[in-house]
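Visitor: Please read through the structure below; I'll follow up with questions.
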Amino acid sequence: MVKRVSLGAALMVVVAGGVGAMGQSVAATGKGEVLPAADYSTPKKTIGTFLSAVQSTDEKAIRAAVVVSPEQQAAVDAYLKLILATNRLQKAAEKKFGDQAEQFFGVNAKQMEARLKAVEDAPAKMVGDSAIIDIPADEATHQPGGTIVVKKVGDQWKLDAGSLFKLNETPKEQTEKSVALAGKMAPLTDEMTSEIEAGKFASASEAFQAFWQRSLELVKESAGTMPAATQGK
């Protein structure tokens with residue numbers, strides 16, 4: 001039987017460490033809602049704007065909230081495409097299966113609120129035109145800790161994509177493998193979305209188990225072995 005995990009955890013398997021401190025929150029944003037207007041006036045408001053843009057699957061708004069160096073553009077594009085594909089999958093599961101989808105395809109709203117509060121409460125250290133925000137790990141919601149860098153660009157603050165996706169500290173070879181895998185995972189995720197919308201699965205559990213199994217098979221095909229983080233306890 002397939003081990004039950006959240007969709008955010010499944011994406012951690014896929015990118016194998018390629019998503020940073022906000023990775024699970026970004027990858028699995030919970031139910032949609034009326035979103036506030038974009039606000040880049042402070043580092044923390046920019047983070048909130050970014051998460052809201054992801055929540056609404058607004059690619060233009062997501063990209064408007066980040067700053068990307070040319071050498072990291074391809075990796076960021078691959079990760080963002082996977083995040084957007086995952087959000088579409090979550091929305092399809094929620095529409096098809098209702099509340100049942102929450103435990104498999106979404107993050108509990110309270111978990112998201114806790115993550116946003118962690119960002120709000122975290123101290124921001126100013127270094128030149130950058131704000132460095134250290135977010136502690138949250139064992140209760142299984143959210144990883146890490147460092148986020150928000151940079152001043154003109155009169156606005158933008159998330160540094162390199163820190164967001166841990167590109168600045170991940171070895172190039174590992175990043176290349178993660179990016180290649182993310183590139184394969186995005187169309188697989190879109191395929192699952194189409195199948196859910198077409199009524200192929202009788203329950204959220206059945207749909208997620210199919211998604212999880214296909215994800216693991218893709219990891220094995222791409223890497224030859226399954227990352228240790230995917231092993232069941």
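The values are calculated or read from the model by the stated rules, or taken from the named source; none is laboratory data. Because the structure is predicted, anything quoted here is derived from the model rather than measured. Glycine also receives a Cβ, built like all others from the backbone with ideal geometry; neighbour counts cover every protein chain displayed. Calculation scope for accessible area: heavy atoms of the full protein, side chains included, ligands and nucleic acids excluded. Shrake-Rupley method; radii C 1.70, N 1.55, O 1.52, S 1.80 Å.
Visitor: Return the residues of the stretch 156-171 that are in a helix (DSSP H, G or I) and not hydrophobic (A, V, I, L, M, F, W, C); say none if nothing qualifies.
Guide: GLY162, SER163 - these are the residues of the stretch 156-171 that are in a helix (DSSP H, G or I) and not hydrophobic (A, V, I, L, M, F, W, C).
Visitor: Moving on to the next point. What's the total number of residues in the stretch 168-191 that are open to solvent by 20 Å² or more (accessible area, probe 1.4 Å) and either polar (S, T, N, Q) or under 30 Å from THR147 (Cβ atoms) (or both)?
Guide: Result for the stretch 168-191: 14.
Visitor: Here are some residues: SER194, SER205, SER130. Which one is at pLDDT below 95, under 27 Å from GLN103 (Cα atoms) and open to solvent by less than 80 Å² (accessible area, probe 1.4 Å)?
Guide: Only one candidate qualifies: SER205.
Visitor: Right, here's the next one. Restricting to the stretch 66-98, count the residues that are more than 15 Å from the chain's Cα centre (by Cα), more than 21 Å from ALA180 (Cβ to Cβ) and not acidic (Asp, Glu).
Guide: 7
Visitor: Moving to a separate point now. Of everything in the stretch 47-92, what is over 20 Å from VAL150 (Cβ atoms) and open to solvent by less than 20 Å² (accessible area, probe 1.4 Å)? Give them in sequence order.
Guide: ALA78, LEU82, LEU84, ALA85, THR86, ASN87, LEU89, GLN90, ALA92
Visitor: OK, next. Look at ARG214 and say whether it is surrounded by 13 or more Cβ atoms within 10 Å (Cβ to Cβ), modelled with pLDDT of 90 or more and out of contact with any Pro (no Cβ under 6 Å at 6 or more places or on another chain).
Guide: It is true that ARG214 is surrounded by 13 or more Cβ atoms within 10 Å (Cβ to Cβ), modelled with pLDDT of 90 or more and out of contact with any Pro (no Cβ under 6 Å at 6 or more places or on another chain).
Visitor: Also, I was wondering about something else. Exactly one of (1) open to solvent by less than 60 Å² (accessible area, probe 1.4 Å); (2) at pLDDT 90 or above; (3) assigned to a helix (DSSP H, G or I) is unmet by SER222. Its number?
Guide: (2)
Visitor: At pLDDT 90 or above and not in a loop (DSSP other than H, G, I, E, B): is that true of GLN174 in this structure?
Guide: no
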